[in-house]
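For reference, the structure is listed below as structure tokens.
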Amino acid sequence: MAKFTDESARTDLLNRLKRAEGQLRGIQRMIEGGEPCLDIAGQMAAVRKALDSAYVRMTVCFMQQELHSRLSPDAKREAELSAVLDDVQTLLGKLR
């Protein structure tokens with residue numbers, strides 16, 4: 001299985017997960033503070049969306065790395081592949 005070789009993709013994914021972690025901690029504080037359930041539910045939905053987004057980004061990064069290593073595209077094909085994967089990321093993002 002592939003590992004992250006693209007440092008910017010790794011950093012992006014870690015930043016997304018750290019933001020979600022902060023949101024989860026905020027939810028814990030809301031629960032401890034006795035906040036209304038609807039407010040908590042809204043924050044939980046936001047965390048789920050953030051995690052879904054991180055998952056889509058990780059999946060597209062995996063696809064990009066695997067296709068690049070297996071196909072070894074030239075610069076023109078690399079740009080075309082990148083454009084297709086951007087579209088894939090957009091389409092997968094709409095599934096949520």
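The values are calculated or read from the model by the stated rules, or taken from the named source; none is laboratory data. None of these values were measured; they are calculated from a predicted model. When the accessible area is computed, the model is the full protein with side chains, heavy atoms only, and any ligands, DNA or RNA have been set aside. Shrake-Rupley method; radii C 1.70, N 1.55, O 1.52, S 1.80 Å.
Considering only Ala41, Ala20, Ala54, give the residue with the highest GNM mean-square fluctuation for the chain, with springs between Cα atoms whenever their separation is below 10 Å. Ranking Ala41, Ala20, Ala54 by mean-square fluctuation puts Ala41 first. Cross-link partners of Lys94 among aspartates and glutamates, defined as those whose alpha carbon lies under 14 angstrom from its own and excluding same-chain residues fewer than eight positions apart: Asp52, Asp86. In the chain, the ratio of gyration radius to Kirkwood radius, Rg to Rh, stands at 1.13 when only Cα atoms are counted.
Only helices reaching 24 angstrom along their own axis (Cα) with mean Kyte-Doolittle hydropathy no lower than 0.0 count here, and for the DSSP H runs of the chain these are 37-71, 75-93. For the chain, the solvent-accessible area works out to 74 Å² per residue, with a probe of 1.4 Å and every protein chain left in place.
Ligands, DNA and RNA left out, the accessible area of the chain computed with a 1.4 Å probe is 58% carbon and sulfur.
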